[in-house]
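The values are calculated or read from the model by the stated rules, or taken from the named source; none is laboratory data. A quick note: this is a predicted structure, and the numbers were derived from the prediction, not measured. Cβ sites come from the backbone with ideal geometry, for glycine too, and all protein chains shown count toward neighbours. The protein model used for the area step is the full one, side chains on, heavy atoms only, and it has no ligands, DNA or RNA in it. Shrake-Rupley method; radii C 1.70, N 1.55, O 1.52, S 1.80 Å.
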Amino acid sequence: MDFQVVVLAGGTSKKLLPLVSKDVPKALLPVANRPVLSYVLELLELSNLKNLIVVVEGKEAAVLVGNWISAAYVDRLHVEVAAVPEDVGTAGAIRAIAHHLTASDILVVSGDLVCDVPPGAVAAAHRRHDAAVTTMLCSTPVSGPLESGSSGGKDKVKKPGRSNIIGLDPSKQFLLYIASGVEVEKDVRVLKSILRAVGQMEIQSDLMDSHFYVFKRSILLDVLDKKEKFRSLKLDVLPYLVRSQLRSEVLLNGSSQSAENGNEKVASVNNQVMLSQLLANSAMPSFHELYALGPNGLLTATTRRTHKCCVYIASKNKYCARLDSIQAFSDINRDVIGEASHLSGYSFSAHNNIIHPSVEIGAKTTVGPQCMLAEGTQMGDKCSVKRSVIGRHCRISSNVKIVNSVVMNHVTISDGCSIQGSVVCSNVQLQDRVVLKDCQVGAGFVVTAGSEYKGESLARKEKTQLQ
């Protein structure tokens, strides 16, 4: 399949402070005690896509990510790690590595994607339609905290978010409209030419653009070259291609569609093609093909130029989520040790949890289902852990309660602490009787004895100044 794979791994996203730092870029944030980037790399490996370009924002972050990949995937993947300037955006990242792109089609996937949809299915849809771009859509994931104090683990008003407004043709194969970000709140406006050509459009707000694309290389690079101000594939490039699909001016197979209008006098009977001849091998012609022929069903030298924007809609039983916010970090960790445990790569016990053999557990301490305790961690007496992930070599004293939380590596938690719905980063110290509810604690922070916080982000000042 002449495809080239680009993984956009990001850098130290400010949206994820204080979870990220110079020492832990976004790609290495843990999901079930594994770097989030590992989920995309292993998905690609399973599809025999082993030659990859991983793009990282910032030289220091690129070194960290490259070192981890070299150690974790030696003799398994051939990965070129490319460092690009910070905050260039996803479109800018592709521009920066454009000279490395040589295949006819480019598969671009976000490094924060956790899913089980086979890339080959998306690539096949792209090739089947000879599309300019194919994007994978999936059901918008359920977001929001669980009821922290509920022993039954019932959900607190869990609703799918509305991250996109999607317009599809009746066959649900072609993308007619897409709005993301602030555009979601605006009125839906679709070009009349598209509506006339397709006849009707179905609007959906329960689908998410997963940031998993296949682009025709010539088109992608042409757009990035002509539209120098485009920064985002999702917010700029994709909407542009969708809007212009019936008045295309992009490069197809290396030649501009608008460059050769030809001479109308040459359009004799010999070079006019009837609809039945053009579509002889197509049982269901797309609206692009019908539109290109014009009202008389004839292909002439002045034929309308079009390109196709296709979709692959993942089935509802597939898991698909992006770690693009602090809430998503908690949600995905919850899911990968819960309903999507098949993605974790671990074998769960009869109690539906994972406790490393080296973990030490004190008297009358309970570890519930959908929990993970990594190697070297020690827990004192009369502790309780519910629906939480605890990292490596943590020291947890007695009478500690941890619910719906993520505790990273080398964390010290003293007697009588209570942690609910929170994220505690590596090397944090919680002194006696600390209470955290819906908080994030940055790496290396010390929370003094008796402190109580709700909905706070706690971090050392120097860690918030990312260069």
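Miscellaneous remarks
Rundown of residues vs (1) hydrophobic (A, V, I, L, M, F, W, C); (2) more than 20 Å from the chain's Cα centre (by Cα); (3) open to solvent by 60 Å² or more (accessible area, probe 1.4 Å), yes/no style:
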residue	(1), (2), (3)
Arg305	no, yes, yes
Asn317	no, no, yes
Thr365	no, yes, no
Met379	yes, yes, no
Gly391	no, yes, no
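- Leu19 in contact with a Phe, Trp or Tyr (Cβ under 7 Å, 6 or more places away or on another chain) and open to solvent by 30 Å² or more (accessible area, probe 1.4 Å): no
- If the condition is being open to solvent by less than 10 Å² (accessible area, probe 1.4 Å) and more than 14 Å from the chain's Cα centre (by Cα), then the stretch 1-10 contributes only Val5.
- Subset of the stretch 25-49 [touching a strand residue (DSSP E or B) at 6+ places or on another chain (Cβ under 8 Å) and either among the aliphatic types (A, V, I, L, M) or at pLDDT below 95 (or both)]: Ala27, Leu28, Leu29, Val31, Ala32, Val36, Leu37, Val40, Leu41, Leu43, Leu44, Leu49
- Considered as a group, the residues in the stretch 168-188 that are within 23 Å of Ala321 (Cβ to Cβ) and at pLDDT 90 or above include one that is most open to solvent (accessible area, probe 1.4 Å), and that residue is Lys172.
- Subset tally (residues that are of a type in the set (Ser, Thr, Tyr), in a loop (DSSP other than H, G, I, E, B) and at pLDDT below 95) for the stretch 101-149: 2
- Checking the stated criteria, Thr102 turns out to be of a type outside the set (A, V, I, L, M, F, W, C) and more than 28 Å from Gln327 (Cα to Cα).
- Here Ser244 clears all of (1) under 28 Å from Gly120 (Cα atoms); (2) open to solvent by less than 60 Å² (accessible area, probe 1.4 Å); (3) of a type outside the set (Lys, Arg); (4) touching a Lys or Arg at 6+ places or on another chain (Cβ under 9 Å) except the condition numbered (4).
- Residue satisfying all of: in the stretch 285-303; open to solvent by less than 40 Å² (accessible area, probe 1.4 Å) and hydroxyl-bearing (Ser, Thr, Tyr); modelled with the lowest pLDDT among these: Thr303
- The selection criterion, being open to solvent by less than 10 Å² (accessible area, probe 1.4 Å) and farther than 17 Å from Ser110 by Cβ, does not hold for Ala72.
- Qualifying residue in the stretch 34-46 (condition: open to solvent by 10 Å² or more (accessible area, probe 1.4 Å) and part of a loop (DSSP other than H, G, I, E, B)): no
- Taking the stretch 397-422 as the range and being open to solvent by 10 Å² or more (accessible area, probe 1.4 Å) and more than 26 Å from the chain's Cα centre (by Cα) as the test, the residues that pass are Ser397, Ser398, Asn399, Lys401, Val403, His410, Thr412, Ser414, Asp415, Gly416, Ser418, Gln420.
- When the stretch 330-363 is limited to residues that are open to solvent by 60 Å² or more (accessible area, probe 1.4 Å) and outside any loop (DSSP other than H, G, I, E, B), the one that is nearest to Ser398 (Cα to Cα) turns out to be Ile361.
- Residue in the stretch 51-66 that is touching a helix residue (DSSP H, G or I) at 6+ places or on another chain (Cβ under 6 Å), at pLDDT 95 or above, part of a helix (DSSP H, G or I) and surrounded by fewer than 17 Cβ atoms within 10 Å (Cβ to Cβ) present: no
- Residue match in the stretch 450-459 (condition: in contact with a Cys (Cβ under 9 Å, 6 or more places away or on another chain) and open to solvent by less than 10 Å² (accessible area, probe 1.4 Å)): no
- The C-beta contact set for the stretch 167-196 (first residue at positive phi, second residue modelled with pLDDT of 90 or more and part of a loop (DSSP other than H, G, I, E, B), distance under 9 angstrom, 6+ apart or interchain) comprises Gly181/Ser232.
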